[in-house]
Structure formats: structure tokens, C-alpha cells
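Below is one structure; the comments refer to it alone.
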Amino acid sequence: MKVIHWNTSRINSPMSGIRKYEDELFKNMVKIIQEESIDIEIHRILRDKNKLLGSTVVSWFLKYKCKNADLIHATSQVIAPVIYLRRPKRFVVTVHDLTPMLYPSTIRDTSTKLQWILTPRALKKVDKIIAISNFTKSEIMRLLGIDGEKIIVIYQGVDHSLYKPLNREDCKKYFGLNPEEKHILYVASNDEHKRVDLAKAVFEEIKKCRDDVKMIKAGYSEKLEGEGIINMGWIDEKDMPKLYNSADVYLHTSEYEGFGLPILEAMACGVPVVASNKASIPEVVGNAGILIDLDDNCVQEFAESILKILDKNIKMDRKALERSMEFSWEKTARETLEVYKYDCSIWTI
């Protein structure tokens, strides 16, 4: 059986949530296939590194080819419109989220606008959909009217050899942070649904009670202005475990997530998590963190929960660490391979 992954990442793309999913899925699949002598041949196609030729829409026409594959797996929903140009024998698409359908502010250019005009309709034509959470599955059913029988939930994972507990003081020093101070870590873009406004309000409330607390803002090179806020910008993947381990608590205020990978990575590092009780986040956190309803009192509740954690001076949150062990990229790869093998058994080539 020949399988090709159509990846949305460019050849030279920096690490992102989707890039991590695509890389880890392929790497772990190849390892499993080789170790267990599974009769699957797997390849991947990434977008061109050239900005124009590597754009998503141009890639629909020029890059994504079937090459006589028995199954094509598009690893992001925005590749689904290729189905209007060519028809794979079997077509599986991973849907990470449908954010642009609910938050138009995330659509910033013509290419993205075109993608989200065509993607919803294209997803109705594919053979199988992999959703990265039950929440994402419910959104696909609610917003697109697609039958749940067509959708399989496979969670994302975490590399436990990389994301693991490290000495907090050493990690703080690595980034030039004061080990005597407490640090709240916030990893997110400034997009509307991430609720960066709420994160800032929570930090302002905490500062009223303690003057030894700083907030670290990281990810996407987007800054958050304010006294006591440390903007780290883009952090290389090899340093991300150190950044998580620099934190005394991890804060996640997002109101809409397809999964919430930074939450899982923080938990794998044994960092206490305080997050919103919205979207897919409860599926990741389970009972291993504090979940806050986004109501009129949420700023106070976030702040009080974080202050309690800081007062306890927790060195490692074992409950969070144990919860994270339920997720791995190997598990993601195995469950995805089962989709391929199952489809192979019921579809005629």
C-alpha cells in the first residue's frame, strides 16, 4: 500500500503546531512501519520554500500530486480543496480546527480567504476526516453538517524524551531570568480567540498581590506590552522545554482551540496549568489542572488559582506529568496507521 502525506508546511518552515504534527506523524509512522514490517510505503510532499511557488493555493495546482498512491493523507484542512483538481483513490484529511469560520479576523490575505471559501465544501467530498479532538469533531458536524461516522478522533501527542521536567532554577538562569522571582508562562499568538486581553488582565490582578511575579509571553514573535511582561518572541524548538521548565505556572486563556498543544507540553514538563474551560482544553487537561469558566468573574478566579499555586511553591506537578503520559506521537501515528489499514480492508483499489 502506497501512502503520500500532503503537508501544508514549507520545506523551510519554522516549527509550529502543524509542522510538529506533520513531522512527528511521518517520523513515528516510518519507525513503526520499519520495526513491525508493515506493508505500507509512505512518502511526504511539502510546499516549496519559495514564497510564491510555495503558497497554499499555488501548491494545490503545482505541488500536490497523487503519484499513483493508494491513499493520500492531507495533514491540514486547507489542502482539502485539491479534491477539485484531482481525485485520489482514497483521501483522508486531518482537520485541526475551523477557527477562520468563526473568527474572520484571522483571515489576513487573499490566499487565506480563498482557502476558507473552498475548504468547508471540499471537506464534504473527502473519504475520511481525522479530527484532533472531540471538540473539533463536534465543530465539523455543527458547522459543516458532516456525518460523525465519517470523522475519527486522534489526539496530538508530545515527545516525552524532549518535553520532561528539568531543574527550574537552571532553566530560569538559561534565559536570564531571576530565580528569586515567580514566572507565569503564556504561549500563544495575539489572535482574537486566544484572549490575550484576558491573560493581561489576569496578570494585572496578580500584580496587586505580589510584586515578585513576572509574565513571560512567547510564540509567534508577537509582543504583549505591559510592566512586568517579558517578551521572549520566537523560541527555537530545542529550547522550548527549558522555557516551560522556567515557569512556575502555565496560563492558557484561549476560548477556541482545536487541541492545545502548548498545554500538553507544559504538563509534560510537570508545570502546573491554569486554563480556560473551553473548547478542546478540558480534553487535554482532564483533572490534572485548574479549569476556569470564562464568565464575568473569570479574571479574579484565574488570579486566585495562580496565586495559590505560587504560594505552594510547587516544584513539579506529578498529576500533570502523569496526565501527559496518556498522549504520545507514537500513539498518534499508530492510530492513524489503523485508519489507513482499515480503509485498505474495506475499499477496493
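Of the residues making up region 69-89, none is in contact with a strand residue (DSSP E or B) (Cβ under 8 Å, 6 or more places away or on another chain), more than 21 Å from Gly17 (Cβ to Cβ), assigned by TED's automatic domain parsing to the domain that holds Leu337 and among the aromatic types (Phe, Trp, Tyr). Find the residue count for region 1-20, including only residues that are outside any strand (DSSP E or B) and over 14 Å from Val92 (Cβ atoms). Adding up the residues that qualify gives 10.
Each row is one residue, and each column tells you yes or no for (1) surrounded by 19 or more Cβ atoms within 10 Å (Cβ to Cβ); (2) farther than 22 Å from Glu257 by Cα; (3) assigned by TED's automatic domain parsing to the domain that holds Ser254.
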{"position": "His183", "(1), (2), (3)": "yes, yes, yes"}
{"position": "Tyr186", "(1), (2), (3)": "yes, no, yes"}
{"position": "Asp191", "(1), (2), (3)": "no, no, yes"}
{"position": "Cys209", "(1), (2), (3)": "no, yes, yes"}
{"position": "Met215", "(1), (2), (3)": "yes, no, yes"}
{"position": "Trp234", "(1), (2), (3)": "no, no, yes"}
{"position": "Glu237", "(1), (2), (3)": "no, no, yes"}
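Let me confirm something: among Lys223, Lys242, which residue is without any contact (Cβ under 8 Å) to a residue 40 or more places away in the chain and either surrounded by fewer than 22 Cβ atoms within 10 Å (Cβ to Cβ) or within 15 Å of Lys182 (Cβ to Cβ) (or both)?
Lys223
If you check Glu24, Glu41, Glu36 for being modelled with pLDDT of 95 or more, of a type in the set (D, E, K, R), closer than 28 Å to Met141 by Cβ and assigned by TED's automatic domain parsing to the domain that holds Lys150, only one passes: Glu24. Of all residues in region 214-238, those satisfying the criterion of being among the hydrophobic types (A, V, I, L, M, F, W, C), under 18 Å from the mean Cα position of the chain (by Cα) and in a loop (DSSP other than H, G, I, E, B) are Trp234, Ile235. Contact list please: Cβ distance under 8 Å, first residue in region 276-305 and outside the structural domain of Leu98 (by TED's automatic domain parsing) and in contact (Cβ under 8 Å) with a residue 40 or more places away in the chain, second residue in a strand (DSSP E or B) and of a type in the set (A, V, I, L, M, F, W, C), pairs at least six apart or on different chains. What qualifies is Ser276/Leu291; Ser276/Ile292; Cys298/Ile292; Phe302/Leu251; Phe302/Val274; Phe302/Ile292. For region 136-144, the criterion of being touching a residue at least 12 places away in the same chain (Cβ under 8 Å), of a type in the set (A, V, I, L, M, F, W, C) and not in a helix (DSSP H, G or I) is satisfied by no residue at all.
Restricting region 97-123 to residues that are closer than 24 Å to Gly260 by Cα and outside any helix (DSSP H, G or I), which is modelled with the lowest pLDDT? Once the filter is applied, the top-ranked residue is Arg108. Test Thr110 against the stated conditions and say whether it is farther than 25 Å from Lys27 by Cβ and not assigned by TED's automatic domain parsing to the domain that holds Ser246. Against the criterion (farther than 25 Å from Lys27 by Cβ and not assigned by TED's automatic domain parsing to the domain that holds Ser246), Thr110 qualifies.
Applying the criterion of being assigned to a helix (DSSP H, G or I) and polar (S, T, N, Q) to the residues of region 21-46, the residue that is surrounded by the most Cβ atoms within 10 Å (Cβ to Cβ) is Asn28.
Can you confirm whether Val299 is within 17 Å of Ala218 (Cβ to Cβ) and over 17 Å from the mean Cα position of the chain (by Cα)?
For Val299, the condition - within 17 Å of Ala218 (Cβ to Cβ) and over 17 Å from the mean Cα position of the chain (by Cα) - is not met.
Looking at His183, His160, just one residue is in contact (Cβ under 8 Å) with a residue 24 or more places away in the chain, part of a strand (DSSP E or B) and of a type outside the set (Phe, Trp, Tyr), and that residue is His183. Inspection of region 64-71 finds a residue satisfying the criterion of being at pLDDT 95 or above, crowded, with 17+ Cβ neighbours inside 10 Å, touching a helix residue (DSSP H, G or I) at 6+ places or on another chain (Cβ under 6 Å) and of a type in the set (Ser, Thr, Tyr). Taking the criterion of being surrounded by 19 or more Cβ atoms within 10 Å (Cβ to Cβ), of a type outside the set (Ser, Thr, Tyr) and in contact with a Ser or Thr (Cβ under 8 Å, 6 or more places away or on another chain), the residues of region 245-264 that qualify are His252, Glu257, Gly258, Phe259, Gly260, Leu264. If the condition is being in a loop (DSSP other than H, G, I, E, B) and either of a type in the set (D, E, K, R) or not assigned by TED's automatic domain parsing to the domain that holds Ile216 (or both), then region 239-267 contributes Asp248, Glu255, Glu257. Only residues that are within 28 Å of Glu335 (Cα to Cα) and outside any helix (DSSP H, G or I) were counted across region 80-96, and they come to 11. Exactly one residue among Lys341, Lys319, Lys331, Lys308 is of a type in the set (Lys, Arg), more than 15 Å from the chain's Cα centre (by Cα), closer than 16 Å to Ile184 by Cα and not in a loop (DSSP other than H, G, I, E, B), and that residue is Lys308.
The values are calculated or read from the model by the stated rules, or taken from the named source; none is laboratory data. Just so it is clear, the model here is predicted, and its values are computed rather than measured. All Cβ positions, even for glycine, are placed from backbone atoms using ideal geometry, and neighbour counts span all protein chains on display.
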